[in-house]
Amino acid sequence: MIAIGSDHGGFLLKQEIVAHLKEQGIEVIDFGCDSAQSVDYPVYAKKVANSVLKKEATLGILICGTGIGISIAANKIKGIRCALCHDTFSARATREHNDANILALGGRVVGAGLALCIVNEFLNIPFSHDPRHINRISQIEDKF
Ligand code: RB5
């Protein structure tokens, strides 16, 4: 199960990603928003983060205009490691190294073609379980 949410700046890209995931038979919980009308991105960051933290969803996807505001909001929530990625290398690396549990995208930054490649990479690459990375992630959790 994948949790997804966006503000108005990410709404159109969210619709493309939801359709793409459903075409592949991946179950999606869409937390909104439901139109291009202006809304506040922290609301959607919290909904998707809570779904991931309570293990309703295995991973989350958040989209705003830049991906910046919504990733900042998500990363304020303990246990969330939200990675803003606009290339496939970063999407792969953040799963392998950071065990990122939410992908953030900017709907005004990337086109749907690239965004779907980034989503595929993020959802399909497992965490490496390398002790170096486990140690670093636990240091993040300890500090905050
Ligand atoms: C909304 O206009 C815009 O500020 C928002 O989508 C996002 O880019 C914030 O970081």
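The values are calculated or read from the model by the stated rules, or taken from the named source; none is laboratory data. Bear in mind that the values here come from a model prediction, so they are computed numbers and not experimental data. Here the Cβ positions follow ideal geometry from the backbone for every residue, glycine too, while neighbour counts run over all protein chains shown. Ligands, DNA and RNA are excluded from the accessible area calculation, which covers all protein heavy atoms including side chains. Shrake-Rupley method; radii C 1.70, N 1.55, O 1.52, S 1.80 Å.
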Answer from Gly25, Gly32, Gly9 - the residue that is within 20 Å of Phe122 (Cα to Cα) and small (Gly, Ala, Ser): Gly25
In the stretch 86-117, what count of residues is obtained for those that are free of Cβ contacts under 8 Å to residues at least 60 places away in the same chain and either more than 23 Å from Glu56 (Cβ to Cβ) or of a type in the set (Phe, Trp, Tyr) (or both)? 14
Please give the number of the condition Arg108 fails out of (1) over 12 Å from the mean Cα position of the chain (by Cα); (2) away from the ligand (no atom under 16 Å from the Cβ). (2)
Does Lys46 satisfy being touching a residue at least 40 places away in the same chain (Cβ under 8 Å), in a helix (DSSP H, G or I) and either farther than 23 Å from Asn124 by Cα or open to solvent by less than 70 Å² (accessible area, probe 1.4 Å) (or both)? no
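In the stretch 122-131, is there at least one residue being out of contact with any helix residue (DSSP H, G or I) (no Cβ under 9 Å at 6 or more places or on another chain), in a loop (DSSP other than H, G, I, E, B) and surrounded by fewer than 15 Cβ atoms within 10 Å (Cβ to Cβ)? Show your work before the answer.
Step one: filter the stretch 122-131 for residues out of contact with any helix residue (DSSP H, G or I) (no Cβ under 9 Å at 6 or more places or on another chain), giving 129, 131.
Then drop every residue that is not in a loop (DSSP other than H, G, I, E, B), which leaves 129.
With surrounded by fewer than 15 Cβ atoms within 10 Å (Cβ to Cβ) added as a condition, the list becomes 129.
Yes, that holds for at least one residue.
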Only one of (1) in contact (Cβ under 8 Å) with a residue 12 or more places away in the chain; (2) not in a loop (DSSP other than H, G, I, E, B) is not met by Thr66, so which one is it? (2)
Would you confirm whether any residue within the stretch 99-109 is in a helix (DSSP H, G or I), of a type outside the set (S, T, N, Q), surrounded by 14 or more Cβ atoms within 10 Å (Cβ to Cβ) and on the phi < 0 side of the Ramachandran plot? no
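Among the listed residues Ala57, Ala112, which satisfies the condition of being within 20 Å of Asp7 (Cα to Cα) and open to solvent by less than 20 Å² (accessible area, probe 1.4 Å)? Working first, answer last.
On the way: Ala112 fails: open to solvent by less than 20 Å² (accessible area, probe 1.4 Å).
Sole residue among the options that is within 20 Å of Asp7 (Cα to Cα) and open to solvent by less than 20 Å² (accessible area, probe 1.4 Å): Ala57.
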